[in-house]
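*Asks:* The following block contains the structure, expressed as structure tokens.
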Amino acid sequence: MSTATDDRYNKLEKVMKKLGYEKNSLIEVLHSTQGIFGYLGVDTLKFVAKRLKLSYSKVYGVATFYNYFRLKPKGRHNIVVCLGTACYIKGSEKILQKIEQRYGIKAGETTSDEALSLLTARCFGSCSLAPVIVFDEEIKAKVSLENPLCGIEESIK
Amino acid sequence: MIREKVRVKSFKIDGICVTGQSNQTILEVAHDNGIEIPTMCYMEGLSCVGSCRMCIVEIKGSHEPIPACTAKIKEGMEVTTSSPYIKTAREMILSMMFSERSHTCSTCVVNGDCELQSKSVELELEHSATPYLNQRFEIDASHKNFVNDPNRCILCTRCIRVCDEIEGAHALDLFGRGLNTRVIHDMDEPWADSTSCTSCGKCVYVCPTGALYEKDISEEDVIKKRKIITELIKNKS
């Protein structure tokens, strides 16, 4: 889709206009861009760079520096494995490994069919339920180490 | 912008009384007075970022060492440029540079003309104090004249600064963070596909190591023209 007809680019344009196309508003703009597009694609980043009159490398450097920014689209489902202290002691590392092996992706990656994104977190504050994983918005408590995907696998499509 | 009035300030470096202007850094005043402070990422004419921390000095009353290239001078400060503490700290910093990438001199094109190599000789670094954490990066040899080998990069950002400040292209910047940081062109594209690169070669000239080098040149013929840039800047102003 061209940038002129895509409504998302119009939205982005408005955000940048509001910020006065200031060069130092880059992080703010990238924030909004990810909110609008869901991720930061190369074409989108080039668009931002041109509008803010910044070099491509500068924009790409900032986008890759912060963990918050995603350069690839998110999967339709996501699993967040807690690696906080309590969950770690209860063996969440094994859970992560199991899921990684099952889908052939590493933490932070998305499967090639964009069905699943695997993420890690440092504690959800529900240590009494350890080990915990979060599937989409739903918390799964006391996950089995042998079969962590029990009851989840069917819904990942 | 309101300009601050430049005042003359006097202070001590290694017990010697020196004077400088208030907008000068410790390193500049030290150079003017013939006092040597080892540097790595610093290049005369480019902005100072203090990324390598090689020029750290002790200042009386301050707990931690401070990079001389970015620290402005103050009235009455007492600077120590070399002490056993500073020496160990510098060795540690250099060690960490070696541990981040695979700096194998025997297979490097700039062997004998490398600032990292000469610095380790100067500081008498015999072995690395930190474990090797280096990983393999892909070499970008797509450009017709130059090669970018991230495995030899020390992330001094001289190339980025010269491209931005002197050439005005800003084709290079840092990608990622931590151990995965490397110098990229545009959107991490192959050098040859970079639309903003002007192929001027300034980045190659200022590179302290063999991370950026000219193609088709044997080891003996490699001469880094680092002075060229400094001359260029001097003539410009």
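*Asks:* Looking at the range B:118-156, which of the residues that are under 18 Å from the mean Cα position of the chain (by Cα) and without any contact (Cβ under 8 Å) to a residue 24 or more places away in the chain is most open to solvent (accessible area, probe 1.4 Å)?
*Replies:* The extreme case among them is B:Val121.
*Asks:* How many residues are in a helix (DSSP H, G or I), more than 14 Å from every other protein chain (Cβ to nearest Cβ) and either basic (Lys, Arg) or open to solvent by less than 50 Å² (accessible area, probe 1.4 Å) (or both) if we restrict to the range B:184-204?
*Replies:* Result for the range B:184-204: 2.
*Asks:* Let me spell it out: the conditions are (1) surrounded by 14 or more Cβ atoms within 10 Å (Cβ to Cβ); (2) over 23 Å from A:Gly38 (Cα atoms); (3) small (Gly, Ala, Ser), and A:Gly125 meets all of them except one. Which number is the exception?
*Replies:* (1)
*Asks:* Considering only the range A:2-32, state which residues are basic (Lys, Arg) and surrounded by fewer than 14 Cβ atoms within 10 Å (Cβ to Cβ).
*Replies:* Filtering the range A:2-32 down to residues basic (Lys, Arg) leaves A:8, A:11, A:14, A:17-18, A:23.
Passing the criteria: A:Lys14, A:Lys17, A:Lys18, A:Lys23.
*Asks:* Looking at (1) in a helix (DSSP H, G or I); (2) among the hydroxyl-bearing types (Ser, Thr, Tyr); (3) farther than 19 Å from A:Lys72 by Cβ, which is the one condition that is false for A:Thr5?
*Replies:* Failing condition for A:Thr5: (1).
*Asks:* Output the residue which, of all residues in the range B:164-181 that are more than 7 Å from chain A (Cβ to nearest Cβ) and open to solvent by 50 Å² or more (accessible area, probe 1.4 Å), is farthest from A:Tyr68 (Cα to Cα).
*Replies:* B:Glu167
*Asks:* Just give me the residues in the range A:33-73 being open to solvent by 60 Å² or more (accessible area, probe 1.4 Å), of a type in the set (Lys, Arg), within 22 Å of B:Thr181 (Cα to Cα) and assigned to a helix (DSSP H, G or I), in sequence order.
*Replies:* A:Lys58
The values are calculated or read from the model by the stated rules, or taken from the named source; none is laboratory data. As the structure is a computational prediction, the values presented were derived from the model and not from experiment. Here the Cβ is made from the backbone with ideal geometry for all residues, glycine too, and neighbour counts use every protein chain on show. The protein model used for the area step is the full one, side chains on, heavy atoms only, and it has no ligands, DNA or RNA in it. Shrake-Rupley method; radii C 1.70, N 1.55, O 1.52, S 1.80 Å.
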